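This report refers to the structure that appears directly beneath it.
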Amino acid sequence: MKATISAQIRVPGLQKLDILEMSEQFPQDAVTFADEVMPGSKHGELAATAVIVLTALSIKALATWLLKNRTRNRINRRVEVVDTSGAKHIETIDIDLSSSLSPQADVMKELSKITGFDVTNLLEKPE
């Protein structure tokens, strides 16, 4: 019997502080971390990749984390999306928040677009 694969989003290049923050923010069992060698590393420096199981709550947590860890009024982050068949594709989240009235909703809409995961019910609820 073949194990089913959950849809995931993978966020590479995380440091220890990122791991600590994500561990506290995400629902239990929604995120795990895999060690990775940094590209171009001559001394084998390690970073980590967050492996996030796609659920409405984990998308909301990821949007919150992305907003918290942005520089200036822009979010620019490469992620890997893995669908339920195991197929992978790289996406870039690039959002200019300078004129946004609802940054959280804009980020969640972008995550919904790249993952195909419907977050409409979260967008309709007040925070």
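Things worth noting here:
- Cα-based shape type of the chain, given that a ≥ b ≥ c are square roots of the gyration tensor eigenvalues and the cut on a/c is 1.5: oblate
- Placing a pseudo-label 7 Å from each Cα along the Cα-to-Cβ vector at Lys68 and Ile114 gives an inter-label distance of 1.9 nm.
- Excluding the site residues themselves, the longest part of the chain lacking any trypsin sites (Lys or Arg not before Pro) in a DSSP loop with at most 10 other Cβ atoms within 10 Å is 73-127.
- Lysine pairs within the chain, Cα separation less than 29 Å, 8 or more sequence positions apart or different chains: 22
- If R0 equals 35 Å, the separation of the Cβ atoms of Lys16 and Asp96 corresponds to a calculated FRET efficiency of about 0.75.
- Estimated [θ] at 222 nm from DSSP helical runs (n ≥ 4, -39500 (n - 2.57)) normalised by residues in the chain, nearest 500: -9500 deg cm²/dmol
Only the coordinates and a few stated rules stand behind these numbers; no lab work does. Predicted model only: the values in this text are computed from it and were never measured. Quick reminder, even Gly has a Cβ in these numbers, built from the backbone with ideal geometry, and neighbours come from all protein chains shown.
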